[in-house]
Amino acid sequence: MNINRPILYSLGNLGTNMFLQSFATFVLFFYVDHLRASLALISLVMALQGIWNAVLNPLLGQLSDRTRTRFGRRIPYVALGSLPLGFSFWFIWRPWVARAALPWYFAVSVTAFDFFYVLVTLNWTSLFPAMYRTLGERSRVQAWRQGIGVIALMIGVAAPPIFYARFGWSAMGLGFAILGTLGYFLSIAGSSEPSLMASSDSERPRSSSLSVLTAVRQTVTNGSFLSFLTINFFIQFIFDLVPAALPFFAKYVMHIRGLDLTILLASIFVVALLLMGPWGALVRRVGSHRGMFIAIALLALGLLPFWWLTTLPWALIAGIVLGAGLAGFLSLSDVLLAEVIDADARKLGPRREGSFFGINGFAVRFGITLEAGVVYLVLHWTGYHANAAGHATALVQLGLRILIGGVPLIALAIALLALKYFTAEESPRT
């Protein structure tokens, strides 16, 4: 395996993770706590994202699967959509309207961002299971992908408190947009599309393509895929909810901000980055299924201390454990989905990465919708009021602990139960 190609391909995770995680972590804080837009209206817009993504992901996934060009099925969409994606991301952080119009501006800019984000990232991720077929290849390339992805997460989550404090939110958005777009363009140089004809007789298409309705039905009735979707949805939901709640938790419970908040957020991702390589070796030793069980257990251990911690040292310890679990999850999420796609191709013939990644993308993005709804309900119920001093009642502080130490543990329990029913065969280990 040429080492340069996996690295170049993996650079697409700069935009994929940085755009989504910075949006999920700070957009509510930016519009509600900084710009003082209506919490109810901004939360409503984020909830409507779920409906928009319900249309976009399966539709664009099917479009990708059925595309035929001399440049391939996936690569043209990455090439043509990357620049508009960068601009649409920047526009979110550069509102040109008065405060009263902010919810409308937010709705329009998020709609555009969602379209181009799904178009680019769905096609970029769909290249992975087709380009790499064995567990050894996938775990090694996944280590590069998610190593770069963790760096992007760290930039998207830990850098903004320093960045926007010094340069402003608009400059932060522009800088991220340039870096993420560059990553997508570089990833094209490391991408290739294998022949549409599968390499083995068992994977050769039995028909030219499945109809849209048939493809969707075959996808959503796949038992292993439903198990994976449940696992991925609830763990991704945790990594939408916890980072989004942490700026509020740090300000109103721990009374820290700026550099201290950056250190806390960075602790999670620095540990995850350092452990990507060891996790790849562990997966090759114990297998993907047992590896996911270990990752879920570590995430639960990292979340428990948020029920009582009030100081930065305790939070850093929790962050280290969370980082270990995050590294495991990132190492394994696309590996498990690739195993589902392989099994589906052996059974039905055509490889349908676009369909599976499209529906998975809807589930992942719907996690942001659920996160917005949960945050709104808890903050509204506890009587949260934005203020510069960081004053909060005991009820508000309890609500913030529930957001980080309560709801995520329930989500992990559901993910662990779903893992029990994941039956797709593990990829060959070499």
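The values are calculated or read from the model by the stated rules, or taken from the named source; none is laboratory data. The shown structure was predicted, so the numbers you read here are calculated from the model rather than taken from an experiment. We place every Cβ from the backbone using ideal geometry, glycine too, and count neighbours over all the protein chains shown.
Within region 383-400, residues that are under 16 Å from residue 257 (Cβ atoms) sit with their Cβ atoms under 6 Å from residues that are of a type in the set (D, E, K, R), at 6+ positions apart or across chains, in these pairs: 386/33; 390/251. Somewhere in region 119-142, is a residue in contact with a Leu (Cβ under 9 Å, 6 or more places away or on another chain), in contact (Cβ under 8 Å) with a residue 60 or more places away in the chain and of a type in the set (Lys, Arg)? No - not one qualifying residue is present in region 119-142.
Restricted to region 268-295, and to residues that are of a type in the set (Val, Ile, Thr) and surrounded by 23 or more Cβ atoms within 10 Å (Cβ to Cβ), which residue is farthest from residue 249 (Cα to Cα)?
Step one: list which residues in region 268-295 are of a type in the set (Val, Ile, Thr), which gives 268, 270-271, 283, 286, 294.
Remaining after also requiring surrounded by 23 or more Cβ atoms within 10 Å (Cβ to Cβ): 268, 283.
Working: 268: 16, 283: 34 Å.
That would be 283.
Quick check: is even one residue across region 40-52 assigned to a helix (DSSP H, G or I), closer than 30 Å to residue 190 by Cα and touching a helix residue (DSSP H, G or I) at 6+ places or on another chain (Cβ under 8 Å)? Reasoning before the result, please.
Kept after step one, since they are assigned to a helix (DSSP H, G or I), are these residues of region 40-52: 40-52.
Pick out the ones that are also closer than 30 Å to residue 190 by Cα and you get none.
No, region 40-52 contains no residue that is assigned to a helix (DSSP H, G or I), closer than 30 Å to residue 190 by Cα and touching a helix residue (DSSP H, G or I) at 6+ places or on another chain (Cβ under 8 Å).
In the set 334, 344, only one residue is at pLDDT below 90, among the acidic types (Asp, Glu), in a helix (DSSP H, G or I) and under 21 Å from residue 275 (Cβ atoms); that residue is 334. Filtering region 248-259 to residues that are assigned to a helix (DSSP H, G or I) and at pLDDT 85 or above leaves 248, 249, 250, 251, 252, 253, 254. Residues that are among the hydroxyl-bearing types (Ser, Thr, Tyr) and in a helix (DSSP H, G or I) within region 124-166 comprise 125, 126, 139, 164, listed in sequence order.
Among the residues examined, residue 275 qualifies as free of Cβ contacts under 8 Å to residues at least 60 places away in the same chain and out of contact with any Pro (no Cβ under 9 Å at 6 or more places or on another chain).
Of all the criteria given as (1) under 17 Å from residue 223 (Cβ atoms); (2) surrounded by fewer than 22 Cβ atoms within 10 Å (Cβ to Cβ); (3) hydrophobic (A, V, I, L, M, F, W, C), the one not satisfied by residue 409 is (1). Scanning region 344-379 for residues that are touching a Ser or Thr at 6+ places or on another chain (Cβ under 8 Å) and under 13 Å from residue 230 (Cα atoms), we see that the one that is surrounded by the most Cβ atoms within 10 Å (Cβ to Cβ) is 361.
Taking the criterion of being among the aliphatic types (A, V, I, L, M) and within 16 Å of residue 36 (Cβ to Cβ), the residues of region 376-394 that qualify are 379, 386, 388, 389.
In region 365-384, the condition of being within 30 Å of residue 285 (Cβ to Cβ), in contact with a helix residue (DSSP H, G or I) (Cβ under 8 Å, 6 or more places away or on another chain) and modelled with pLDDT of 85 or more is met by no residue.
In region 385-426, the qualifying residues are those that are in contact with a helix residue (DSSP H, G or I) (Cβ under 6 Å, 6 or more places away or on another chain) and polar (S, T, N, Q), and the one that is farthest from residue 239 (Cα to Cα) is 423.
Kindly check whether there is at least one residue in region 187-198 that is surrounded by 15 or more Cβ atoms within 10 Å (Cβ to Cβ), at pLDDT 50 or above and assigned to a helix (DSSP H, G or I). Checking region 187-198: at least one residue is surrounded by 15 or more Cβ atoms within 10 Å (Cβ to Cβ), at pLDDT 50 or above and assigned to a helix (DSSP H, G or I). Would region 98-117 turn up any residue that is outside any helix (DSSP H, G or I) and not hydrophobic (A, V, I, L, M, F, W, C)? For region 98-117, residues outside any helix (DSSP H, G or I) and not hydrophobic (A, V, I, L, M, F, W, C): absent.
Can you say whether residue 242 is surrounded by fewer than 23 Cβ atoms within 10 Å (Cβ to Cβ), part of a helix (DSSP H, G or I), of a type outside the set (Ser, Thr, Tyr) and at negative phi, as far as the supplied structure shows? I'd like the intermediate steps shown before the answer.
On the way: surrounded by fewer than 23 Cβ atoms within 10 Å (Cβ to Cβ): no; part of a helix (DSSP H, G or I): yes; of a type outside the set (Ser, Thr, Tyr): yes; at negative phi: yes.
It is false that residue 242 is surrounded by fewer than 23 Cβ atoms within 10 Å (Cβ to Cβ), part of a helix (DSSP H, G or I), of a type outside the set (Ser, Thr, Tyr) and at negative phi.
Can you confirm whether region 54-75 contains a residue that is within 21 Å of the chain's Cα centre (by Cα), among the small types (Gly, Ala, Ser), closer than 17 Å to residue 124 by Cβ and in a helix (DSSP H, G or I)? Yes, region 54-75 contains at least one residue that is within 21 Å of the chain's Cα centre (by Cα), among the small types (Gly, Ala, Ser), closer than 17 Å to residue 124 by Cβ and in a helix (DSSP H, G or I). Among the residues here, residue 389 does not qualify as surrounded by 22 or more Cβ atoms within 10 Å (Cβ to Cβ), modelled with pLDDT under 85 and farther than 27 Å from residue 44 by Cβ.
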